[in-house]
Amino acid sequence: MAAALAPVAHAKTPEDDTHVLVLGRISDDPKEHYEQLKPLLDYVVPRMASVGIREGRILMAHDVQQMNSYLRRGRVDWVTETPGTGMLLQQGSGAKPLLLTERDGASQYTTVFFARRDSGIHSLADLRGRSVAFQNPGSTSAYYVPATELLDRGLSLQILLSPMDHPDPQGVGYLFARTELNISTWVHKRLVDVGVMSNLDWQNPQRVPAGFRADLQIVHETPPYPRALEMVRGDLDPKVEARLREVLIEASKDPDAREALLRFFKTTRFLPIDDGARHALHYISDGVHRIRAEVE
């Protein structure tokens, strides 16, 4: 692990921070993520010379708490994240959304709730006393957004010990299945009543096999929300922030950036945050705050 962390060991300090742009990532695989982040950082830094940036560095965090600390202390300037985690960084450190990130040609997606066709479940109202499979506690599409939808409908969420456990008659039991394929399998095999995932995952036969699909149906779909975000620390120099925004927006039109964007989690372009995205992020922000208070 020491070797994997070696390229990212140098963080900013107050004495040398003015000429360094630090890109951060919450990671459980620093070596792989370093290789995904470095090409875009190398593309961006030379184009930031007009605002005094001469060097780029990468700093990994183990979790949201550590990244919030880095952002508050000015050790990280820029983070690429999912909307749910981005809103946790905003709440914990004052970080702010800079741009929307389009990946594989999609800048937004939805969450679908699905059940077996023979389950008797046709809407979220039918989930009282039933169970749902989320993906993991950090997922926007398969935890934060669907959990918020359930709370908004007055449904209390109760973690289950196993698929054999049952919630109170007025509550909704939940489990974390870890992968989308596990989620669809658990629903198909009747281990849980309902599964959730993004509409993009729902359409992927590696995550919902064709053999399952005929037995499953969507019972609810959320409004769309951003797929990914670029965040910056709240006290970043406004000139640096403005130039970073400009360079990233222009990158999709530059052939020299194509490979770096592809390596950067299959990014196709960066987009300004419009009113629709702003509204969706506000909803997600309220949701993650409520989940922390009422569920976790």
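Throughout, read-outs are computed from the coordinates displayed, never taken from laboratory work. Just so we're clear, the structure is a prediction, and the values are computed from it rather than from any experiment. Reconstructed Cβ throughout: ideal geometry from the backbone, glycine too, with neighbour counts over all protein chains shown.
Among the aspartates and glutamates, which have Cα under 19 Å from the Cα of LYS96 when same-chain residues fewer than 8 positions away are ignored?
The qualifying aspartates and glutamates are ASP63, ASP77, GLU81, GLU230, ASP235, ASP237, GLU241, GLU246, ASP274, ASP275, ASP286.
Give me VAL145, VAL76, VAL219 sorted ascending by neighbouring Cβ count inside 10 Å, so fewest comes first.
Ascending number of Cβ neighbours within 10 Å: VAL219, VAL145, VAL76.
What full-extension length gain, to one decimal in nm, is calculated for ARG245 and ASP126 as 0.36 nm per residue of separation minus the Cα-Cα distance?
38.4 nm is the gain from fully extending ARG245 to ASP126.
How big is the charge dipole of the chain about its Cα centre, in debye rounded to the nearest 20, if each Lys and Arg gets +1 on its Cβ and each Asp and Glu gets -1 on its Cβ?
Dipole size: approximately 200 debye.
Could you line up ARG103, ARG75, ARG233 from fewest to most neighbouring Cβ atoms inside 10 Å?
Result, fewest neighbours first: ARG103, ARG75, ARG233.
Which is farthest toward the positive dipole end of the range 111-222 among GLN170, LEU191, ALA133, measuring Cα position about the Cα centre, with Cβ charges +1 (Lys, Arg) and -1 (Asp, Glu)?
LEU191
What is the calculated FRET efficiency for THR179 to ARG263, with r their C-beta to C-beta distance and R₀ = 22 Å, to the nearest 0.05?
Efficiency computed from Cβ-Cβ geometry: 0.40.
Over what distance in Å are the Cα centres of the range 188-232 and the range 80-159 separated?
11
Can you find, among LEU100, THR268, GLY287, the residue sitting farthest towards the positive end of the charge dipole of the chain, where Lys and Arg contribute +1 and Asp and Glu -1 at Cβ?
Going by the charge dipole, the pick is THR268.
Show which lysines lie in cross-link reach of LYS31 when reach means a straight Cα distance below 17 angstrom and same-chain residues fewer than eight apart are skipped.
Straight-line reach from LYS31, under 17 Å: no lysines qualify.
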